[in-house]
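One structure is given here, and the rest of the page talks about it.
The values are calculated or read from the model by the stated rules, or taken from the named source; none is laboratory data. Computed from a predicted structure; not experimentally measured. Glycine gets a Cβ as well: all are built from the backbone with ideal geometry, and neighbour counts include every protein chain shown.
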Amino acid sequence: MQTRAFGAGGPQVSEVGIGCWQIGGTEWGDVTDQQATATLHAAADAGVTFIDTADIYGDGRSERLIGQFLRERGDRERFFIASKLGRRSQPGWPENFTPAIVRQHTEDSLQRLGIESLDLTQTHCLPLEELQRQRVFETLATLQSEGKIRGFGASVETVAEAEECLRVPGLRSLQIIFNLFRQQPIDELFPAAQAAGVALIVRLPLASGLLAGKFRSDSQFAVTDHRHFNREGQSFNVGETFAGVPWELGLQVVEQWRPLVPAGATMAQWALRWCLDHPAVTVVIPGAKHAEQARQNAASSDLTPLSAETHRRLREQFQAEVQPHVRGRV
């Protein structure tokens with residue numbers, strides 16, 4: 001597993017992390033406690049040190065399971081633990097953005113995780129106007145000075161929101177949707193983040209599994225899986241499901257790209273390698289529901305980078321065939 005510095009002067013973290021939305025067990029179908037902790041252990045055994053979660057994943061279940069995992073490993077400082085806040089239903093918006101509630105939700109996460117300090121707290125897809133006010137970030141800066149958190153960042157939906165957050169003093173990271181179906185950040189956001197020394201965390205690098213190349217047009221998902229109930233954006237931003245690409249189009253493009261996958265690699269590993277080939281990217285956080293998925297994802301760090309010609313071809317095909325059809329907030 002290769003590592004990268006988490007922002008200017010930051011600690012080294014595994015370039016492949018693990019996103020823990022899945023183990024919350026509420027938007028990806030059922031995941032047992034045993035299955036979840038086995039997945040986390042498999043990721044750690046494969047060299048993963050970066051773990052990303054949020055207080056609303058399973059209404060705190062994801063954080064509790066990570067806390068159990070940390071106790072079992074007995075080596076908390078080996079892992080970089082990142083969580084998010086701002087979207088809990090109690091008390092809800094706009095009260096969630098007040099100093100008292102930001103502090104309370106931070107304390108709640110620390111208790112569930114069983115740790116004294118979070119390596120990173122991120123705002124969780126807040127409205128643009130709230131990001132512009134910066135009051136949440138001011139509270140997070142206070143919590144950082146107290147040692148409750150070691151740094152703060154922002155998880156966003158759009159490039160415009162990311163660019164707004166780059167104005168925030170002390171911002172350590174941005175979390176964005178970025179994958180072969182969502183290449184918009186490359187031209188402007190990537191250079192700006194690098195210039196600011198801000199780490200980039202890539203979520204949905206496999207476009208909700210679509211880029212793993214294992215689905216067919218008749219593939220079925222559990223009714224509790226967002227890939228079933230949010231395919232058209234019925235419950236939240238459609239960009240969080242298959243990166244906003246229409247299902248049938250995504251399947252067609254995946255088949256066109258399949259011959260580009262080198263022998264000995266899976267399509268998922270190839271798609272993750274594409275993300276990692278961009279120097280602005282600090283860490284990709286594919287999710288996993290099973291131990292073998294976590295191991296396979298981690299192995300993408302060992303793949304040879306894609307050729308310049310392959311990158312050019314993929315970029316041109318995205319711009320011509322995919323970008324005009326991407327839905328959701330970009």
Under 9 Å between Cβ atoms, at least 6 apart or on separate chains: pull out the pairs that start in the range 71-95 with a residue that is in contact (Cβ under 8 Å) with a residue 60 or more places away in the chain and end on any residue that is aromatic (Phe, Trp, Tyr) and surrounded by 10 or more Cβ atoms within 10 Å (Cβ to Cβ).
80/6; 80/50; 82/50; 84/57
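For the structure I just gave you, tell me whether residue 39 is farther than 28 Å from residue 171 by Cα and either hydroxyl-bearing (Ser, Thr, Tyr) or in contact with a helix residue (DSSP H, G or I) (Cβ under 8 Å, 6 or more places away or on another chain) (or both).
On the way: farther than 28 Å from residue 171 by Cα: yes; either hydroxyl-bearing (Ser, Thr, Tyr) or in contact with a helix residue (DSSP H, G or I) (Cβ under 8 Å, 6 or more places away or on another chain) (or both): yes.
Considered against the rule, which asks whether it is farther than 28 Å from residue 171 by Cα and either hydroxyl-bearing (Ser, Thr, Tyr) or in contact with a helix residue (DSSP H, G or I) (Cβ under 8 Å, 6 or more places away or on another chain) (or both), residue 39 comes out as yes.
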So residue 264 passes all but one of these: (1) at positive phi; (2) under 22 Å from the mean Cα position of the chain (by Cα). Which condition number does it fail?
(2)
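Check whether at least one residue in the range 188-198 is closer than 30 Å to residue 25 by Cβ and modelled with pLDDT of 95 or more, and report yes or no.
Restricting attention to the range 188-198, the residues satisfying the condition of being closer than 30 Å to residue 25 by Cβ are none.
Scanning the range 188-198, I find no residue that is closer than 30 Å to residue 25 by Cβ and modelled with pLDDT of 95 or more, so the answer is no.
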Conditions (1) in contact with a helix residue (DSSP H, G or I) (Cβ under 8 Å, 6 or more places away or on another chain); (2) touching a residue at least 60 places away in the same chain (Cβ under 8 Å); (3) farther than 17 Å from residue 176 by Cα: number failed by residue 251
(2)
Looking at (1) closer than 30 Å to residue 277 by Cβ; (2) at pLDDT 95 or above, which is the only condition residue 63 fails?
(1)
Within the range 289-310, identify whether any single residue is under 24 Å from residue 200 (Cα atoms) and modelled with pLDDT under 95, and answer yes or no.
yes
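Checking the condition more than 23 Å from residue 17 (Cβ to Cβ) and not hydroxyl-bearing (Ser, Thr, Tyr), which residue from 218, 225 passes?
Working: 225 fails: more than 23 Å from residue 17 (Cβ to Cβ).
So the residue among 218, 225 that is more than 23 Å from residue 17 (Cβ to Cβ) and not hydroxyl-bearing (Ser, Thr, Tyr) is 218.
Looking at the range 304-320, can you tell me whether even one residue there is charged (D, E, K, R), buried (at least 18 other Cβ atoms within 10 Å of the Cβ) and on the phi < 0 side of the Ramachandran plot? Reasoning before the result, please.
Kept after step one, since they are charged (D, E, K, R), are these residues of the range 304-320: 309, 312-313, 315-316.
Within this subset, residues satisfying the condition of being buried (at least 18 other Cβ atoms within 10 Å of the Cβ) are none.
Within the range 304-320 (the criterion being charged (D, E, K, R), buried (at least 18 other Cβ atoms within 10 Å of the Cβ) and on the phi < 0 side of the Ramachandran plot), the answer is no, since none of the residues qualifies.
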Given the conditions (1) in contact with a strand residue (DSSP E or B) (Cβ under 6 Å, 6 or more places away or on another chain); (2) not in a helix (DSSP H, G or I), which single one is not true for residue 243?
(2)
Checked the range 78-106 for anything under 22 Å from the mean Cα position of the chain (by Cα), modelled with pLDDT of 95 or more and loosely packed, with under 14 Cβ neighbours inside 10 Å; matches are 78
Contacts under 6 angstrom Cβ, first residue in the range 188-207 being under 19 Å from residue 120 (Cβ atoms), partner in a loop (DSSP other than H, G, I, E, B) and among the small types (Gly, Ala, Ser), 6 or more apart:
193/280; 194/280; 197/7; 197/8; 198/7; 199/7; 200/280
Subset of the range 116-132 [surrounded by fewer than 20 Cβ atoms within 10 Å (Cβ to Cβ), part of a loop (DSSP other than H, G, I, E, B) and of a type outside the set (Gly, Ala, Ser)]
116, 127
Residues in the range 297-330 that are part of a helix (DSSP H, G or I) and either more than 30 Å from residue 234 (Cα to Cα) or not acidic (Asp, Glu) (or both): how many?
23
Filter the range 1-35 down to the residues that are over 15 Å from the mean Cα position of the chain (by Cα) and under 21 Å from residue 269 (Cα atoms) and list them by number.
1, 2, 3, 4
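For (1) in a strand (DSSP E or B); (2) under 14 Å from residue 283 (Cβ atoms), each residue gets a yes or a no:
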{"residue": "10", "(1), (2)": "no, yes"}
{"residue": "23", "(1), (2)": "no, no"}
{"residue": "30", "(1), (2)": "no, no"}
{"residue": "42", "(1), (2)": "no, no"}
{"residue": "54", "(1), (2)": "no, no"}
{"residue": "59", "(1), (2)": "no, no"}
{"residue": "71", "(1), (2)": "no, no"}
{"residue": "83", "(1), (2)": "yes, no"}
